[in-house]
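Step one of this worksheet: look at the structure below.
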Amino acid sequence: MKQLQDVDMKLLRVFMTVVKCGGYAAAQAALNSSQSTISGQMNTLETRLGFTLCERGRGGFRLTEHGVAAYEAAHRLLLAVDTFCMETHALTQHIFGKLYIGIIDNTITDDVSPLPKTLRKFMSRGDDVQLDVYIGTPAELEERVLDGRLHVAIGHFPLQVPGLFYSHLYEESDGLYCGRYNPLFDPLPTKEALLTRISESHIVARGYLQRRDIRLLQASKATATVDNIEAQALLILSGAYIGFLPIHYAAPWVETGKMRQIDPSRFSSLWPFTAITRRGVSQPLILQAFMADLLANSMSVAKADV
């Protein structure tokens with residue numbers, strides 16, 4: 001596909017729908033087309049691309065290796081096109097009303113977050129808009145978006161809930177920490193000694209990340225659970241617990257010697273931040289404009305990291 005044309009965009013959307021539905025037959029209703037028509041469109045797209053996207057047979061529908069890569073690329077392309085359409089559409093109309101936003105706690109120190117820049121751009125539109133901001137746990141945010149109390153929420157959402165649409169924004173770095181009074185604060189001489197000491201430690205975890213934390217530490221359970229980062233940091237600072245924290249959030253205590261990051265090469269990870277909106281409902285113009293700004297800023301962050 002040397003040059004993108006209008007017909008290619010249509011074929012890519014057919015391809016995306018086929019993959020989401022799990023096959024040609026299952027996609028007929030979504031595309032309002034016959035199976036033979038869909039098959040012909042997929043053949044045309046494969047010819048345009050120069051490789052096979054999927055295989056069908058007794059084993060069922062599955063993407064080829066090239067098909068997986070093409071699906072991911074098409075998803076990025078169509079998201080960018082949809083974002084552009086929302087942005088330009090919003091610019092032509094007067095935006096007014098109140099936007100209800102939910103945010104997970106303690107993201108204010110994260111320089112990677114696109115939210116401050118998004119809010120600045122959104123409010124500079126000069127329209128008659130108001131913001132109502134709610135801070136909550138992932139479960140609370142999902143519930144409020146589902147029942148309509150929030151237009152959009154931003155945070156960690158480990159499990160995808162039916163009825164919600166998830167838009168990837170950026171990734172937050174986290175690490176394993178201990179306080180000044182914890183035995184792990186002084187580096188241990190060997191990896192074996194470190195792992196032994198970790199296995200003997202009390203672990204604090206946020207409830208929604210508990211399974212991940214236990215798996216990373218190869219522990220049987222967390223001895224304390226919390227529902228927000230501030231409570232987790234308090235227990236770590238006490239010296240009685242170790243636990244994971246966002247690196248940007250722990251930085252002030254590390255700089256003052258009250259915390260130490262434990263073996264960053266082994267216990268560091270990236271955790272996705274996502275925007276959730278309600279699926280299957282018409283989005284008000286104010287939400288369309290906000291999401292256009294948010295996705296545009298998250299894409300600029302991603303490009304800056306490359």
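The values are calculated or read from the model by the stated rules, or taken from the named source; none is laboratory data. All values reported here derive from a predicted model rather than from experimental measurement. Cβ placement follows ideal geometry from the backbone for every residue including glycine, while neighbour counts extend to all protein chains displayed. Heads up: the accessible areas ignore ligands, DNA and RNA and are worked out on the full protein's heavy atoms, side chains in. Shrake-Rupley method; radii C 1.70, N 1.55, O 1.52, S 1.80 Å.
For segment 140-150, the criterion of a residue being in a strand (DSSP E or B) and either of a type in the set (D, E, K, R) or under 22 Å from PRO246 (Cβ atoms) (or both) is satisfied by no position. The helices (runs of 4 or more DSSP H) found entirely in segment 162-264 that carry 1 or more residues being modelled with pLDDT of 95 or more, open to solvent by 20 Å² or more (accessible area, probe 1.4 Å) and of a type outside the set (Val, Ile, Thr) are 229-237, 247-255. Output the residue which, of all residues in segment 36-87 that are over 30 Å from MET291 (Cα atoms) and among the charged types (D, E, K, R), is least open to solvent (accessible area, probe 1.4 Å). Per the criteria, the residue is GLU46.
Okay, residues lined up against (1) in contact (Cβ under 8 Å) with a residue 40 or more places away in the chain; (2) touching a strand residue (DSSP E or B) at 6+ places or on another chain (Cβ under 6 Å):
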| position | (1), (2) |
| --- | --- |
| ARG215 | no, no |
| SER220 | no, no |
| GLN232 | no, yes |
| ILE247 | yes, yes |
| ARG278 | yes, no |
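Quick test for you: out of SER269, SER282, pick the one residue that is within 30 Å of LEU146 (Cα to Cα), open to solvent by 30 Å² or more (accessible area, probe 1.4 Å) and assigned to a strand (DSSP E or B). Among SER269, SER282, only SER269 is within 30 Å of LEU146 (Cα to Cα), open to solvent by 30 Å² or more (accessible area, probe 1.4 Å) and assigned to a strand (DSSP E or B). Residues that are hydroxyl-bearing (Ser, Thr, Tyr) and either at pLDDT below 85 or in a loop (DSSP other than H, G, I, E, B) (or both) within segment 105-133 comprise THR107, THR109, SER113, SER124, listed in sequence order.
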